[in-house]
Every structure is written in structure tokens, then in C-alpha cells.
Amino acid sequence: MKSTLFLFFFVGWARLAFTQSQISGRIQDQSTQKGIEYASIVLFSQKDSVFIDGTISDQEGKFSFENSSPGRYYIIASFMGFGPASSGGFELSRNQKLDLGVISLSSSAQDLQAIEVQGQRITTEFRPEKQSFSADNFEAAQGGAATDVLKNLPGVSINSEGTLAIRGNTGFVVMINGRPTQGDPMMLLGQLPANSIEKVEWLSSPGAQFDSEGKAGIINITTKKGATDGLYLQFNGKLGFPSIENYDNKAPQNRYGGDFNLNYQKGKWDLSLGASYQRNDIAGKRVGNVYTIEGDTTTYFPSEGERSIDETNYSGRFTLGYNPSTSNSFSLGFYAGVRDKLRTADILYYDNHQEYPGGESAPFQYFNANGQNRRGDFALGSLDYSHTFSNSSKLSTSILYEYSMLGGPTINRNLGYPDLSIVYQDEYNTNDNPLNGIRYNLDYTFKPSSFGNVQIGYQYRFLDHFGDFLYERKNNETGIWEIVPEFSSEVDLKRIIHTGYIQWEKKKEKWSYSAGVRTELMDRKFQLQDKTGSLDTTYLYDYIRPFFSGSLSYQAKEDLAWKLNFTQRVERETTFKMNPFPEREHSETLEQGDPNVLPEFINTLEAGMIKNWKDNSFFVTAYYTRIENLVNRVNTVYNDTILNRIYSNVGTAKSIGLELGTELFFTEKWKAYLGGNVYHYSIRGEFDNSSVDQAAWTYSYNFNTTFNFSKTISSQFTLNYLSRRVTAQGEDSRFYLPSLNIKKTFMDGQLAVNLLWQNIDLGALKTNEQRITTWRDGEFYTTTNYIQEVDMILLNLSYTINRSKNRAKFVKSEFGEKEF
């Protein structure tokens, strides 16, 4: 803490002691007088027109060039759909702060025609600090959720459970319109309609001004917006055709839904409303084989049966913005929703038997009727304020409060087969998990002259998560439900985090560099007791830890840049991964956590290149990641027919890999995008007095190609592929998803119709199918093939009123969704 305070003092002193030459200004739309975000501004030498520096405008259209040398210059500003504009020549003196005022851009008919040809461009730009992608160009994602957009990004892969990973890591932070969230990313992304997304940004090495959580960095999602007063309204609807293959599941699948986004902006006020309802059922089955070894006896229990998912999501969002002046901005937001997910796993164990020296037991079969209903209700509110001073420094503050109620029952009934009237075991377990969370931020940005650009800030976070886990078993003789103490518990997690940070950035000619430190003080208290009152234990853990970051980039040419980044991050534990009382998931499976589990600490180093030519672009990044205290799900033998899955620290993981992405325009009507990632992943450590030593090469790629038959008809083919990869105790097989989309627009683009053929299989490709295998020599072996629905046909409709005016920005969940 002393070093952090010293840095704060040093920055304040430097702000007063140094001055610099600076060029600033604002880019605006000539017709609306509104600022233009992401306009390109290039600084040239007036003497010989040599490129000096380049930047882009912020949300208000403002830009600046720091540390510029004295001399004569001119500026060219440009943006798609507008003609370029020049500032004219000007002279910059030593230590002068020159404000060029407003540079207006006017609409260009010629440029607008060009946008029609390339209006479905997948990515807007690759930059040293982040990658940006236009969501509208992933046509197969329309009508779906944010996950359907993200799974197409380079370095991103998706598995059979619908879980996204970046560079092989499932831990990442999601931001909505630049505001961090701490909820479970998959829960949050599953509720955000793809139709409401304008673009997606991935920051692989965030600076100290961003939250330190997330092994794989930060995903920032920007909702659609415009720059004019008036009404924006969009309706979206989805209808799924009957299943072609439902694997003899007992209930038909339903897929339908709708959402709307409304935005009204008038003068100083900005109102946004949104609501969504989605029903997404998936048919499926699982085929598994398990054996356990105890002494000289091996017990086999192969199985096969239904594994389907019925899922319903609905939510409502409201945001009110007020800008009394160009210097002040207020925002009030509310968000509430429900996610209801029912997983049915009705499995037949058809050949249970034991083998031992001299023979084997007679086969035994039974039917396990298993249903897990996981429900999450949440409501949250936030208030934000920012003030921009006359010297361009900015103060912003935000407070968010969240209440969630998570939980749901799991039913396990072991029945006779084929006589289902025989009840061997009838069990019921449920849990209620009320959660309260608060987050407060205070941030200040200023430019202390030649010292560069400095951001400082403080964050307070509080989490209180209580869990009531009840496990009951029916007494077959008395018919009375009885509590099973070894599976029933109450837990209470309280976590307080104080954070202070300082981030420094500077640009000089073609070089850009930054450095920062984010220091955290975390205090964790985990209280555990059983239902009998015989156990009442409190587990304490705290740390004071700095997280360093730094970056260096070089703009060799206007179309060529190099980068070098370093970041330190943390992945914190959830309540579920800390509860040591087992929870019955299946007939053969228990799951439990570790109350002493430690956070994962991550170091990442990356170097890369970005190249652009004409309309094409390419990037390549080499990276190295080291994860301490890696948390994995590992298995032990509970008894001869039940495995115990435990979340615990298993050692250290290392990844070294190469990531690339390219976008190519073959003709005016045909383009393609390819993102890929190949890396060597290793895990070294130990668990339960046994060594963990796994290593393998893994690769994934996302391919997307679009052909425009005309201005109103287009077709897009998408393929997401993930290769085999290792885990702490085994491996997961390859997994892939091909899809085809045909889009037709009417009424000058206001009405769009998408026909989607999802998970193409044709009975021959083994699409949407993944085998998960784990083993421990001399103890157990398990392999399960998860087969999910293929050849799904969906129809999506979208109707937009004033589609250029959307400014919807919604608050998102902070804590509770992480436990879903």
C-alpha cells in the first residue's frame, strides 16, 4: 500500500511540474452537430506530408495528440459514410496546448454506396490494445443470444455444454458499454439478445483501470446506438421448426421467443427500454461407461438415456440518461430477469456387474429418473455520474446494488427396470441462495503535461451469499422423507474487496506505452455448518496484492503496427466451489467444493503484429500464460458405483500459443473471415496425494464466409471447431458446429428475415457431439458421449423503426448470475 500511495503522490507532483505540447479538437456530423465516435484522425507534416501520428475520436467526438514536437502540421479526419475533412495548416509552439475546435464531416453519397457493398463487414478493426467486431455481420447469430456472436471470435471456442473459452480459459470478465459486471459470463451472455449488440471488443491484456478478474481478459459489448434525436424501436421474433431428431425424448422441444429495444432521445434526456422472452429447448442423449476399482474387484455400470434441456429466459431493462450540460452526465438503470433451466437425465443403467478373481456377479439393471431445475431470479439497480472539467480531465462515479435468489431442486429416483413401479431409492435435494452485492467506483482521469495521461481510482465491493442446502431421502418402509445430514448444510460467504489503481499512458511519435498497478485488499469469510449443529466452522482468507500491467506498441507504418503486452490477473472462487458438502447430481455422481480453495493468479505476456491492406486485414499474436492455483474438477471414488467430483486447486497450468485472424474480400459480393488459435497446454501439480501431469497441443478455428446475391439477399456459412484437449484427469474430444443462414431484407432494410439451419449434420457428421473421459490409474475410468440436437431450423424476423437512432445502453448483473 505504501508503494501505491507513493505513486499517487508522484503523479500529483508531476502534474504540476511538467507541461507539454498538445493538439486537440472535436469531430462532428455537419448536419446534426453531434460528435462522431471512432472517427479516424491523422496528423501530417505540412512540409512534406509525412505521416506523424494517428488516433480515433471518443464517444463525444473528441481527440488529442500528446507530446507533439513543435512544427507546422495539418490534420485529415475521416469516417465511413462521410467525406474526409482537413483542418488546414497550423503551427504548434513548444509547450502549447492548441485546440483546433470543431472539424465537421458531411455525408458522402459515394461512401454510402461503398458501405452497401461492405455493410456486413465482420470486424471493424484490429488494434494493439483490442480487437473490435461488428455483430451485425454474424447473421447466424441473429435471433440468438450474445454467446452466438462471441463464439465466432478468434481464440474463442465453445463446448457441448455451451461454455465459451478464450485461449482455452473459461474465466473472463464481461463489460456492457464499458461498465464491468461480476456475474457469471455465460449466464449474462445467455440472456442478452444478439439483436441488441452493435459490436464486441476483446481486451486480452487490460490495463490497471479495468477489473483484475478474468483469466482470459475482458469482453466489452456495446449495444446499438446512433447520434440523432428521435425514436428508435426494434422488434425481433424467433420461431423454431419441429425437431428433425429428438432422440426419443419424452417431450417435444419448443423454440420461440421475441425481444424489443426502444430508445428515445430528446435534447438532454435519453430513455431506453428493453424486454426479452426466449424459450430454447434442446433434445439430446448421453451414452456412458464407468468402472471403479476397489481392491481386486472392478464394478462396471454402463448407461444410456435422455439428456435434454428445457430453458426459459425472460428479462426487462430500463435506463434513463440525463445530460444537463456537455460537462455533466447522469444515468439511472434497472435490470430484472428470470432464468429457468430444466435438465432431464433419465438414464438406464443396463449392465451393472462386478468382476473379481475367479468370476463375476450377475448383471443388474435399473432406471434413474433424474431432473434438475436450476432457477435464478435477480433484480439490480445502478446510478452513474461523470463530470468533465475544462482542462479535459474527467471524474466519474458509479454505485450498483444487486439482490438475487438462486436455487432449485434436483430429483433422483432409482427405479426397477422394466418394472418402473419398483422404487429402490427416492431422493430430493434443493437449495436456496439469497445474495446481496454492492459495488462502488470512483475514477479520475487527467493529463499532467509531459508526464502523459494518468488515471487513478478506487473501488469497493461487498458480497454476502448465503446457501441453504437440504438433502432428503424417502424411507421406503415408512414413506417419510428424512434429512441426510452428510449432504445437508448451510454456508455463508462474505467477501470485501478494497482496490486502488493508477494507470499511466503516453504517446510519442510512433510509439505508445503504458504501465499500471492495481492493488487489492481482499477479506474472505466463509462460515459452514451442518443441519445437526454438530459442525460450525469458519474459514478465513485474505491478501494484499498488486497486479501489474504494461504495454508497448509501435506504428511502423499507417497500415502496420507491432505490440508487446503484459498483465497480471485473478480468478476468484464461487460459493458452489467452496461448499464441501456433496450435492447429488446423478445416480453415479456427487459434486462438492473445497472451503480452502485459493484464487487463481494469472500472468500473461503477448507479442503481435497487425497488418491492413486495402479492405483486407490480418493480425497474429504469440502469447504465454501461467496460472497458479489452477482450479479443476477432479474425481475420486465415493463408493463402488458413485464418483465424487471435487473442485479444488490442482497445481500450475501453462499455455504457449499463436492466435491469428484475417478478413478477406475476394470480390465485392464475397468475403471470408477466419480466426484461429493453436497452443500447447500443460498442467503440473498434485491432488489427493497423486501427481497431476497432463500436456497436449490444442487448436480451434472459426470460419465464416458471406456471399451477397443482391443488395437484399445474402447467405452465410459458419463453422466453429475445437480439437481434443486435456484436463487434469483426462481429455475432452473434438467438438464442432456448422451452420448456414439465408437473409432477405425488405422495405429498405427495415424488415429482415433470416432462415437458419443450425448444427448441420445430415445424419453423418457427428455434429454437436462430445465425449468426455476421465481416469485415475488403479481407481476408476469414465467416458461419456454427450449427443445433442442437430439439423435445427429456425426462422428469425426483425423489424426496425428509425434503425440509425438506437442508443440503448442497459445495466447488467454484478454478482448473482455467477452462481447460476
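Values quoted throughout were computed directly from the atomic coordinates according to the rules given, and no laboratory measurement underlies them. For clarity, every value in this text was computed on a predicted model and none was experimentally measured. Using ideal geometry, Cβ is built from the backbone for each residue, glycine included, and neighbour counts are taken over all protein chains shown.
Applying the criteria of a DSSP loop state and at most 13 other Cβ atoms within 10 Å to the GluC sites (Glu not before Pro) of the range 649-679 yields E668. Shape class for the range 459-602: prolate, because the ratio a/c of the largest to smallest gyration tensor axis (alpha-carbon atoms, square roots of eigenvalues) is 1.5 or more and a/b beats b/c.
3J(HN,Hα) along the range 424-432, derived from phi through the Karplus expression 6.51 cos²θ - 1.76 cosθ + 1.60 where θ = phi - 60°, amounts to 7, 7, 10, 10, 9, 10, 9, 8, 10 Hz, with x in place of Gly and Pro. In loop segments of the range 528-599 as defined by DSSP, there are no trypsin sites (Lys or Arg not before Pro) with at most 10 further C-beta atoms inside 10 Å of their C-beta. Rounded to the nearest 10 degrees, the angle from helix 109-118 to the longest Cα principal axis of the chain is 20 degrees. Charging the Cβ of each Asp and Glu at -1 and of each Lys and Arg at +1, and nothing else, the dipole of the chain about its Cα centre rounds to 3940 debye. Relative contact order of the range 119-819, taken over Cα pairs closer than 8 Å and 6 or more residues apart, is 15 percent. Angle of helix 2-17 to the longest C-alpha principal axis of the chain, folded into 0 to 90 degrees and rounded to 10: 20°. Legend: residue pairs K506/K577; K215/K563; K268/K394; K215/K611, Cα-Cα distance threshold 31 Å; pairs beyond threshold, K506/K577.
Comparing Cα centroids, the range 538-554 and the range 320-341 end up 30 angstrom apart. Over the chain, dividing the summed -39,500 (n - 2.57) contributions of all DSSP H runs of at least 4 residues by the number of residues returns a 222 nm mean residue ellipticity of -1500 deg cm²/dmol. Kirkwood radius, the chain, all distinct C-alpha pairs, inverse of mean reciprocal distance: 28.7 Å. One chain, two ends: E686 and W562. Fully extended at 0.36 nm per residue, the span grows by 40.7 nm beyond their Cα-Cα distance. Taking amide hydrogens as placed 1.01 Å from N in the peptide plane, the amide H of T727 sits under 5 Å from those of D732, each at least 5 positions away in sequence or on another chain.
Tally Lys/Arg at +1 and Asp/Glu at -1 over every other residue whose Cβ is under 9 Å from the Cβ of R584; what's the total? Neighbour charge sum, excluding R584 itself: -4. Working from label points 7 Å from Cα in the Cα-to-Cβ sense, the L535 to Y322 distance is 5.3 nm. Charge tally around Y699: other residues with Cβ under 12 Å, Lys/Arg +1 each, Asp/Glu -1 each, net +3.
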